[in-house]
Amino acid sequence: MSTIAYKRILLKLSGEALMGEDQYGINPAVMGKIVSEIKEVSKLGVEIAIVVGGGNIFRGMKSTNDALERVTADYMGMLATVMNALALQDAMKLAGLVPRIQSALRIDQAVEPYIRGRAMRYLKDGKIVIFAAGTGNPFFTTDTAAALRGMEMNVDIMLKATKVDGIYTSDPKTNPDATRFDRLSFDEAISKNLQVMDATALTLCRDQKLPLNVFSIFKMGALKRIITGEDEGTLVTI
């Protein structure tokens with residue numbers, strides 16, 4: 001068995017990652033690949049918590065929502081994360097994993113409410129905990145929710161799964177001269193305004209000394225390489 005560098009992790013999975021190259025929604029093939037990567041890490045004995053976003057559903061409807069009040073829009077976004085969590089849960093069950101969803105919004109017929117002690121027990125029992133509905137409050141992003149849940153779950157590292165293989169000086173999709181950082185400090189990431197996460201999430205991680213790794217979920221084996229201590233993505237530390 002491979003030696004693991006991190007026993008318990010928080011994986012921040014964006015809604016955009018679930019749609020792949022589609023315009024909105026969930027791409028089943030992409031979902032299957034992501035779950036396969038998670039399963040490989042679970043087999044190593046790593047305890048896995050996941051915070052899922054909702055941008056693939058809510059942003060797909062954005063053109064019809066320009067007149068919405070910010071608070072209303074944020075609650076709609078939280079509900080979108082619950083939809084993604086349910087889809088992720090089903091895909092994990094099909095792969096032989098044992099997931100549990102906990103939501104910051106009460107939707108008891110569909111998902112459990114967030115209860116920290118219960119979530120901790122699930123992790124210790126080898127179940128994968130999917131946190132939905134962000135923090136349950138408007139004006140806070142799912143990045144901030146991921147930082148918060150990571151701290152509450154006492155994880156060893158927070159992993160942000162994106163479509164690019166780390167943090168760059170600028171958007172590599174629009175700037176071919178952009179260069180990737182291997183390592184950064186939280187202060188550098190904040191001061192350079194690199195747009196990897198919102199400032200609140202970065203500040204929370206910095207203040208609680210929770211390391212962050214930004215990597216591509218679409219790069220085969222990347223998640224496992226991080227867990228086994230290999231150089232992958234961009235590591236952000238104090």
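Bear in mind that the values in this text are calculations on the coordinates, not laboratory data. Bear in mind the structure is a predicted one, so any value in this text is a computation, not a measurement. Every residue, glycine as well, gets a Cβ built from its backbone with ideal geometry; the counts of neighbours run over all protein chains shown.
Would you mind working out the magnitude of the charge dipole of the range 8-237 relative to its Cα centre, with +1 at each Lys and Arg C-beta and -1 at each Asp and Glu C-beta, to the nearest 20 Debye? Please list the in-between numbers first.
On the way: 28 positive and 27 negative charges, 131 e Å.
Here the range 8-237 has a charge dipole of around 620 debye.
Report, to one decimal in Å, the Kirkwood hydrodynamic radius for the chain based on all distinct Cα pairs.
Working: mean 1/r = 0.0560 Å⁻¹.
The Cα-based Kirkwood calculation yields 17.9 Å.
Which of the lysines could a cross-linker span from residue 93 if the Cα-Cα distance has to be under 30 Å and same-chain partners fewer than 8 positions apart are dropped?
Partners found: 7, 12, 33, 39, 43, 124, 127, 160, 163, 219, 224.
What per residue convex hull volume, in Å³, do the alpha-carbon atoms of the range 147-238 yield?
Working: hull volume 8.5 nm³, N = 92.
Considering the Cα atoms of the range 147-238, their hull volume per residue is 93 Å³.
With each pseudo-label sitting 7 Å past Cα toward Cβ, what's the residue 4-residue 180 distance in nm, one decimal?
According to this spin-label approximation, the distance is 2.4 nm.
In deg cm²/dmol and to the nearest 500, what is the mean residue ellipticity at 222 nm of the chain if only DSSP H runs of at least 4 residues count, each as -39500 (n - 2.57), divided by the residue total? The partial results should precede the final answer.
Details: 9 runs with 90 residues, N = 238.
That calculation yields -11000 deg cm²/dmol at 222 nm.
Test of the criteria: in the range 86-156, which trypsin sites (Lys or Arg not before Pro) are in a DSSP loop and have at most 14 other Cβ atoms within 10 angstrom of their Cβ? Could you put the intermediate results ahead of the total?
On the way: sites: 93, 100, 106, 116, 118, 121, 124, 127, 149; in loops: 106, 127.
Answer by residue number: 106.
Take the eigenvalues of the Cα gyration tensor for the range 1-92, scale each by 5, and report the square roots as semi-axes in whole Å, largest first. Before the final figure, lay out the partial values.
Working: eigenvalues 175, 41, 17 Å².
Over the Cα atoms of the range 1-92, the ellipsoid semi-axes are 30, 14, 9 Å.
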